[in-house]
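A short write-up of the structure that comes next.
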Amino acid sequence: MSVLLAVSGLVAGYEPGLPILRGVSLTLGEGGIVALIGPNGAGKSTLIKAIAGQVPRFAGAVSLAGRDLAGTPTHRLGALGLGYVPQVANVFARLTVAENLVLAAAALPGPARRAAVAAQYAAFPDLASRARLPAGRLSGGQRQMLALARALLASPRVLLLDEPSAGLAPAVVSTVFARLRAIAAGGVAILLVEQNVGAALALATRALVLVGGRIAREDAAAALAADPGLADLFLGRAA
Amino acid sequence: MIAQYVADGVVSGALVGLGAIGLTLTYAVLGFANFAQGEFLTWGAYFALALLSGTGLGHAAALPPFAFGWPLLLVLPAAVALTGGLAVALDHVLFRPLRRRAGPMGLVIASFGASLALANLVVLLFGPKPRYFSRAIAFAIPVAPGVRLTADRMLVVALALLAMAALHLLLTRSRLGLAMRASAENPALAAVYGVDAEGVRRASWWIGGGMSALAGVLLGQTEQIQPLMGADLLLSLFAAAILGGIGSAGGAFVGGLVVGLAEALSVPLLGAAYRPAAAFLVLFAVLMLRPTGLFGERP
Ligand SMILES: Nc1ncnc2c1ncn2[C@@H]1O[C@H](COP(=O)(O)OP(=O)(O)OP(=O)(O)O)[C@@H](O)[C@H]1O
Ligand SMILES: [Mg+2]
């Protein structure tokens with residue numbers, strides 16, 4: 001298994017001198033789904049944002065397919081193969097569905113752009129029938145689909161997903177998760193933040209538990225799912 | 001009689017609208033009110049003047065029915081480009097370093113300083129006296145019952161409409177326009193979508209500066225060129241941008257037309273003394289009914 005994303009000793013936060021992440025290391029390999037779980041405020045979103053260059057990194061390193069990302073601005077990461085779907089405000093509400101997709105594919109030459117957008121419409125028919133609707137008027141589930149389709153347009157090798165199932169009905173969640181499984185089967189490495197721990201562990205191959213800005217536990221997803229001490233870990237008690 | 005005021009209002013409103021586009025774009029993409037916007041009009045006019053006299057083309061005969069010669073049409077795009085470049089340069093030396101450290105209020109204050117500096121620099125370079133592109137006299141032509149306009153002023157409206165249509169196409173059809181609208185909505189997400197924020201900011205300054213320069217050259221041709229020509233218009237520009245719904249380019253243009261009409265019609269309806277207040281009366285009335293302006297996004 002080749003390493004696609006490597007994070008080592010990452011210290012990051014919003015204000016200098018106030019680190020939220022206090023030395024996080026992880027690796028992501030081809031085709032694997034790694035679940036990132038932990039209590040509210042543990043720093044899961046911050047970790048994903050720090051990888052995506054949206055939160056300042058104070059120490060440590062992030063590399064994508066062997067390439068050090070120090071100094072690489074967020075807007076170049078897509079072209080390097082890193083896709084990121086934020087937890088909130090992950091589509092442009094005032095742009096139409098089609099405009100959201102075209103903007104995300106803007107770096108591709110004309111024919112490739114059209115083909116890429118068409119491929120996402122084929123994968124998400126709900127979006128195709130709403131192409132001209134402002135994204136702000138989509139339902140929560142459709143909006144998550146659009147955010148996912150947008151990230152997939154650039155054919156990422158690594159996908160960072162911050163709670164893609166938040167606010168979705170159970171039936172929609174299983175559709176989204178089925179899509180993720182298919183995407184991973186295509187060789188994409190996925191780092192998945194989830195509140196629904198049970199579902200996340202069922203989907204993932206491995207899992208990381210983040211507590212207070214540190215990785216408190218890393219294990220095979222199945223092993224963690226079977227561990228009765230997991231709840232204690234979440235509550236901050238020693239495992 | 002009233003028809004003539006309406007026609008005059010449309011002409012001055014078209015100029016205010018062109019000038020206000022820069023204001024609204026800067027606000028949408030960079031998030032602050034740029035008090036130096038008026039100076040881009042002024043500098044546009046003086047760039048054209050300097051190019052005309054520098055190249056010795058200023059004395060070419062007028063092109064009937066217009067009161068200016070062909071060289072003005074030649075230097076117009078150059079003046080627009082130079083002013084766009086001036087706006088980008090100003091961002092580079094002043095606003096960009098401040099963006100990292102100061103909030104929107106700091107940027108507003110800085111733009112106030114830039115406005116004073118740019119206006120005074122014009123006085124230093126060109127003197128305080130009014131100047132003209134040409135000495136030719138413009139004759140008003142009857143265009144409708146009771147309405148007479150010079151060919152120059154009709155051209156103002158035509159060019160303003162053309163520039164507006166081009167901008168509309170750019171914003172709605174091009175990738176740059178898409179990126180600008182996205183950055184206005186959420187700059188951090190735009191970066192995630194692969195948009196280079198610095199490139200979008202640069203484009204906004206080019207467009208906003210260029211549109212203002214076009215207004216400045218046209219104003220210089222139909223009225224006069226003087227160091228405070230842009231500063232004198234600033235309040236009208238703000239009224240137009242706010243009226244149209246801050247952040248909407250088409251709105252700013254329509255807002256400019258409303259402001260121009262209100263100012264022109266206030267003279268026969270309220271008396272000339274009320275002219276400076278007319279834009280604000282309309283602004284007040286519109287904002288009471290629609291707090292986000294005529295075309296503003298509902299929050
Ligand atoms: N923009 C911000 N500025 C300053 N501090 C922030 C910001 N966003 C988050 N934080 C702080 O960082 C810490 C970690 O927040 P983060 O959003 O990463 O948690 P999370 O694990 O994603 O939580 P949740 O499960 O609720 O999404 C919290 O203490 C939070 O208050
Ligand atoms: Mg979070």
Test: A:Ala207 is open to solvent by 20 Å² or more (accessible area, probe 1.4 Å) and not basic (Lys, Arg): no
Residue in region A:39-48 that is in a strand (DSSP E or B) and either within 14 Å of chain B (Cβ to nearest Cβ) or in contact with a helix residue (DSSP H, G or I) (Cβ under 9 Å, 6 or more places away or on another chain) (or both) present: no
Residue count for region B:69-105, restricted to those that are over 22 Å from the mean Cα position of the chain (by Cα), within 25 Å of B:Phe32 (Cβ to Cβ) and at pLDDT below 90: 6
Subset of region A:37-58 [out of contact with any Ser or Thr (no Cβ under 7 Å at 6 or more places or on another chain), open to solvent by less than 40 Å² (accessible area, probe 1.4 Å) and away from ligand 1 (no atom under 13 Å from the Cβ)]: none
Wholly enclosed strands (runs of 3 or more DSSP E) of region A:133-239 bearing at least 1 residues within 14 Å of another protein chain (Cβ to nearest Cβ): A:158-162
Some residue of region A:58-73 being in contact with a Leu (Cβ under 9 Å, 6 or more places away or on another chain), at pLDDT below 95 and either outside the structural domain of A:Leu191 (by TED's automatic domain parsing) or of a type in the set (Ser, Thr, Tyr) (or both): yes
Residue satisfying all of: in region A:124-151; open to solvent by 20 Å² or more (accessible area, probe 1.4 Å) and in contact with a Lys or Arg (Cβ under 9 Å, 6 or more places away or on another chain); farthest from A:Ala199 (Cα to Cα) among these: A:Pro134
Single condition B:Thr222 does not satisfy, out of (1) at pLDDT 90 or above; (2) open to solvent by 20 Å² or more (accessible area, probe 1.4 Å); (3) among the hydroxyl-bearing types (Ser, Thr, Tyr); (4) over 19 Å from B:Ala20 (Cα atoms): (4)
Residue match in region A:17-30 (condition: within 16 Å of ligand 2 (Cβ to nearest atom), modelled with pLDDT of 95 or more and not β-branched (Val, Ile, Thr)): yes
Matching residues, region A:67-87, being free of Cβ contacts under 8 Å to residues at least 60 places away in the same chain and more than 10 Å from chain B (Cβ to nearest Cβ): A:Arg67, A:Asp68, A:Leu69, A:Ala70, A:Gly71, A:Thr72, A:Leu80
Residues of region A:94-123 classified as over 20 Å from the mean Cα position of the chain (by Cα), surrounded by fewer than 17 Cβ atoms within 10 Å (Cβ to Cβ) and assigned to a helix (DSSP H, G or I), total: 8
Test for B:Leu124: is it away from chain A (no Cβ under 14 Å), free of Cβ contacts under 8 Å to residues at least 40 places away in the same chain and within 19 Å of the chain's Cα centre (by Cα): no
Output for region A:144-172, where each listed residue is over 15 Å from the mean Cα position of the chain (by Cα) and more than 16 Å from ligand 1 (Cβ to nearest atom): A:Ala169, A:Pro170, A:Ala171, A:Val172
Condition met for B:Thr42 (farther than 25 Å from B:Ala197 by Cα, exposed (fewer than 14 other Cβ atoms within 10 Å of the Cβ) and among the hydroxyl-bearing types (Ser, Thr, Tyr)): no
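Each row is one residue, and each column tells you yes or no for (1) of a type in the set (Gly, Ala, Ser); (2) crowded, with 19+ Cβ neighbours inside 10 Å; (3) farther than 19 Å from B:Gly255 by Cβ.
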residue	(1), (2), (3)
B:Ala163	yes, yes, no
B:Ala166	yes, no, no
B:Leu169	no, no, yes
B:Ala182	yes, yes, yes
B:Leu189	no, yes, yes
B:Tyr193	no, yes, yes
B:Arg201	no, yes, yes
B:Ser212	yes, yes, no
Tabulated pairs, region B:174-202, first more than 7 Å from chain A (Cβ to nearest Cβ) and under 18 Å from A:Ile48 (Cα atoms), second crowded, with 19+ Cβ neighbours inside 10 Å and of a type in the set (S, T, N, Q), C-beta under 6 angstrom, 6+ apart or interchain: B:Ala190/B:Ser183
Conditions (1) of a type outside the set (Phe, Trp, Tyr); (2) at pLDDT below 90; (3) part of a helix (DSSP H, G or I); number of the one not met by B:Ala138: (3)
Yes/no for A:Val34 being within 16 Å of ligand 1 (Cβ to nearest atom), in a strand (DSSP E or B) and either open to solvent by less than 20 Å² (accessible area, probe 1.4 Å) or away from every other protein chain (no Cβ under 14 Å) (or both): yes
Any chance A:Val34 is touching a residue at least 60 places away in the same chain (Cβ under 8 Å), under 15 Å from the mean Cα position of the chain (by Cα) and within 13 Å of ligand 2 (Cβ to nearest atom): no
Filter result (crowded, with 20+ Cβ neighbours inside 10 Å and farther than 24 Å from B:Ala7 by Cβ) within region B:249-294: B:Ala249, B:Gly293
Per-region count, region A:13-30, residues touching a Leu at 6+ places or on another chain (Cβ under 9 Å), assigned to a loop (DSSP other than H, G, I, E, B) and more than 8 Å from ligand 1 (Cβ to nearest atom): 1
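The values are calculated or read from the model by the stated rules, or taken from the named source; none is laboratory data. These numbers were taken from a predicted model, which means no experiment stands behind them. With ideal geometry, Cβ positions are generated from the backbone for all residues, glycine too; neighbour counts draw on all protein chains shown. When the accessible area is computed, the model is the full protein with side chains, heavy atoms only, and any ligands, DNA or RNA have been set aside. Shrake-Rupley method; radii C 1.70, N 1.55, O 1.52, S 1.80 Å.
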